[in-house]
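This report concerns only the one structure given below.
The values are calculated or read from the model by the stated rules, or taken from the named source; none is laboratory data. Keep in mind that this is a model prediction, so the values were computed, not measured. Note that each Cβ is placed from the backbone with ideal geometry, even for glycine, and that neighbours are counted across all protein chains shown.
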Amino acid sequence: MSIDLTTHYGGLVLRSPIAIGACPLTAQQPMRMAIERAGAGAIVLPTLFEEQVLRWNQRRGRMLTLRELRVLERASRMQIESDIKDAESYLALVHQASSEMTIPVLANLCGENPSIWFDFAMELQEAGASAIELNLHHPPPREFSCPRDIEDQIVESVKSIRDCIGIPLYVQLSREYTSLSHLAVRLLHGAQGLVLFGRTPKLDILLDSFELTHKWTLTPISSVSNSLESIMRVHSFCPVMPLAACGGIHRSSDVIKVLLAGADVAMVASAVYREGPDVIRTMLDGLIVFMERHRMRSIAELHPSRPLYFSNEEDRLDYVQALSRRYDPDNEWKGQRAMQGDRWGHPYTP
């Protein structure tokens, strides 16, 4: 039985539901080629940080605000290192990767102030990025009066950047929100998908110097179970929002579980560090075996088998109808960009 692994992810059509998350590995041309040969559906380039974009804006003659100057000062004081030298190098990387690969290449931006990215986001599109993944870190709590203000800023920021570009925009969220499910609904009019959840470095305290330190570590094997309930909750409340699961995916069983929880894409990074790019093929082979065993011919046929909880049959029917309206293969994704929805994700015109 032939299995179709084609996956629809917020405006992108992927050949498989496995994507490689943002990490230094994707800056290496031989590794990118190996990842593509192994069957990945998309690849996310390493993260570009806001201080690098601020310096790019400076070089282009833009006057920086006092807040932006403080960001640069803080970055210099902390001696933040990056795999990408500067914004110009990042644009060159995007152009090279998108030119040599047949799968979608996504850029990844990280920072607090999205207003600095408007011009650069357009440059990324011109360089060939298939989409942009936005990792927003909100400022310290003292700069907001309540949690709602933080979410309001995220929603407005995403909408503003979305209005500048003609490629999909995905938002990477942490777990630090009052209700991710409701935030997902609010982001429908701006984001083409959500990444749940982005990895963060582990914070530690140096006892000799009384200083803070941050260390990046690989995610524990098969720790994705820590995210399944959250993914399921967001998806069941807002099924029209495409989701990518991120963190702790190391086996084909992990891929299957996140797809059944409601994710469209499984983002992998630590597994590639541990086992090399061939682990992608191993994951896909396991997914195919699972689908053959359950007589599923396509990823779309896996969706109705998701073990979601509904209070009545009407809720279940609403969910199935919402899934069927998530994308229309006869129309370009741009027709869906302004899509909003109710609590079940039913699209409506604002």
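Brief remarks follow.
- Taken as a whole, the structure leaves G198 outside the set of residues that are exposed (fewer than 14 other Cβ atoms within 10 Å of the Cβ) and outside any strand (DSSP E or B).
- Taken together, V224, V265 contain a single residue that is modelled with pLDDT of 95 or more and under 20 Å from the mean Cα position of the chain (by Cα), which is V265.
- Failed condition for H303, given (1) modelled with pLDDT of 85 or more; (2) surrounded by fewer than 21 Cβ atoms within 10 Å (Cβ to Cβ); (3) touching a strand residue (DSSP E or B) at 6+ places or on another chain (Cβ under 6 Å): (3)
- From the options G111, G128, residue that is touching a Ser or Thr at 6+ places or on another chain (Cβ under 6 Å) and either modelled with pLDDT under 85 or of a type outside the set (A, V, I, L, M) (or both): G128
- Residues located in the range 124-142, provided they are surrounded by fewer than 19 Cβ atoms within 10 Å (Cβ to Cβ) and touching a helix residue (DSSP H, G or I) at 6+ places or on another chain (Cβ under 7 Å): G128, H138
- Of everything in the range 92-123 that is assigned to a helix (DSSP H, G or I) and touching a Leu at 6+ places or on another chain (Cβ under 7 Å), the residue that is nearest to I154 (Cα to Cα) is P114.
- Strands (runs of 3 or more DSSP E) lying entirely in the range 1-76 (those with 3 or more residues that are touching a residue at least 12 places away in the same chain (Cβ under 8 Å) and within 16 Å of the chain's Cα centre (by Cα)): 7-9, 18-20, 42-49
- Residues of the range 273-295 that are of a type outside the set (A, V, I, L, M, F, W, C) and either in a loop (DSSP other than H, G, I, E, B) or touching a Gly at 6+ places or on another chain (Cβ under 6 Å) (or both): G276, P277, R281, H294, R295.
- Residue satisfying all of: in the range 233-284; out of contact with any Ser or Thr (no Cβ under 7 Å at 6 or more places or on another chain) and among the charged types (D, E, K, R); surrounded by the most Cβ atoms within 10 Å (Cβ to Cβ) among these: K257
- Of all residues in the range 143-166 being touching a residue at least 24 places away in the same chain (Cβ under 8 Å) and not in a helix (DSSP H, G or I), the one that is surrounded by the fewest Cβ atoms within 10 Å (Cβ to Cβ): G166
- Any chance L188 is farther than 24 Å from S270 by Cα, hydrophobic (A, V, I, L, M, F, W, C), surrounded by 19 or more Cβ atoms within 10 Å (Cβ to Cβ) and out of contact with any Pro (no Cβ under 6 Å at 6 or more places or on another chain): yes
- Counted residues, the range 126-137 - those being within 17 Å of the chain's Cα centre (by Cα), closer than 18 Å to F49 by Cα and outside any strand (DSSP E or B): 2
- Index of the failed condition, L203 passing every other in (1) more than 27 Å from L12 (Cβ to Cβ); (2) of a type in the set (A, V, I, L, M, F, W, C); (3) surrounded by 16 or more Cβ atoms within 10 Å (Cβ to Cβ): (3)
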